[in-house]
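Each reported figure results from applying straightforward, stated rules to the coordinates on display, with no laboratory input. All figures in this text were calculated on a predicted structure; none of them were measured in a lab. In this analysis, Cβ positions are derived from the backbone assuming ideal geometry, glycine residues included, and neighbour counts consider all displayed protein chains.
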Amino acid sequence: MSALEELITKAKALQAEGHTPGQISDELGLSMETVTWLLTQPKGMEAPKDVHVDWTAVGSHGTLLNDMAMMMLRRFLYLAEGGALPAGEVPDTVVGIAPSGVPLATLIAAEEGLKLAVYLPAKHSRSETPTGSLSGTFATITAQRCLIVDDVVTTGTTLAETIAFLRRHGAAPMAVWSLFDKLGVREVDGVPVRSLFTISRLG
């Protein structure tokens, strides 16, 4: 079975389990356009140009996941020491984008003694007019300086949505941290993006 056939099988299995396309997008680290193609495979339409990032070997192992979160934190501290970040600006709250940004955000917040908030993107909503929301179980973000954490930057849509939500609710988004950047961006809506790895498609 080819890698593409495996992705089609995984996407359809997740759909059969009741996952929304948005949830499948997060689970597979693919754009919504790619997930739609995997689920429908319209005749005459080529597969979208996308890159599948499978980091389950790390994500399924607590110690390795912690190591990755600490690498993200160390990169931020190096940037701060090198003057690449505004002096004296320290986050109050780490906002994990559900689902995959949450464990990373939790580990970073615990290490730094910060509050933890969880953002639920609109693409996970099952309502007719999907909107994003903040989980009521975790910290509020009003008047907080926030660090946003996610696993993969694919199109930047979820990040832009999260940043806009935080600003509407009186928070100041300071930076976005991710493991993998498939878009190759340095900022989204004026908020710097710091990723451990940038993935580029050549040709």
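Since only PHE180, ILE141, ILE199 are under comparison, the one whose Cα sits farthest along the positive direction of the charge dipole of the chain, derived from C-beta charges on Lys, Arg, Asp and Glu, is ILE141.
In order along the range 50-65, the phi-based Karplus estimate (6.51 cos²θ - 1.76 cosθ + 1.60, θ = phi - 60°) of 3J(HN,Hα) comes to 9, 10, 8, 10, 9, 10, 5, 4, 8, x, 8, 10, x, 5, 5, 4 Hz; Gly and Pro are listed as x. Each residue of the range 151-156 is assigned a 3J(HN,Hα), and the resulting list reads 8, 10, 8, 9, 10, x Hz, derived from the Karplus form 6.51 cos²θ - 1.76 cosθ + 1.60 (θ = phi - 60°), x at Gly and Pro. Phi-derived couplings, Karplus 6.51 cos²θ - 1.76 cosθ + 1.60 at θ = phi - 60°, listed residue by residue for the range 189-199: 6, x, 9, x, 10, 10, 10, 5, 10, 10, 10 Hz, with x used for Gly and Pro. Under 5 Å between amide hydrogens, built in the peptide plane, is the criterion, and for GLU187 it picks out VAL193 among residues at least 5 positions away or on other chains.
For the range 11-113, the list of GluC sites (Glu not before Pro) that fall in a loop by DSSP and count at most 13 other C-beta atoms within 10 angstrom reads GLU17, GLU46, GLU89.
P(r) tail for the chain, what percent of Cα pairs lie past 31 Å? Value for the chain (Cα pairs over 31 Å): 18 percent.
Once you list every other residue whose beta carbon is under 11 Å from the beta carbon of VAL90, what net charge do they have if Lys and Arg are +1 and Asp and Glu are -1? The partial results should precede the final answer.
Working: positive: ARG145; negative: GLU89, ASP92, GLU112.
For residues surrounding VAL90, the net value is -2.
By DSSP, what percent of the beta bridges with both residues in the chain are antiparallel, rounded to the nearest 5? Antiparallel bridges make up about 15 percent of those DSSP assigns within the chain.
Apply the Kirkwood formula to the range 1-114: the hydrodynamic radius equals the inverse of the mean of 1/r over all pairs of different alpha-carbon atoms; give it in Å with one decimal.
On the way: mean 1/r = 0.0604 Å⁻¹.
Here the Kirkwood hydrodynamic radius works out to 16.5 Å.
Of the peptides 140-147, 55-62, the ranking by mean beta-carbon count within 10 Å, highest at the top, reads 140-147, 55-62.
In plain terms, the chain from ALA3 to GLU17 could stretch by 2.9 nm, reckoned as 0.36 nm per residue minus the Cα-Cα distance.
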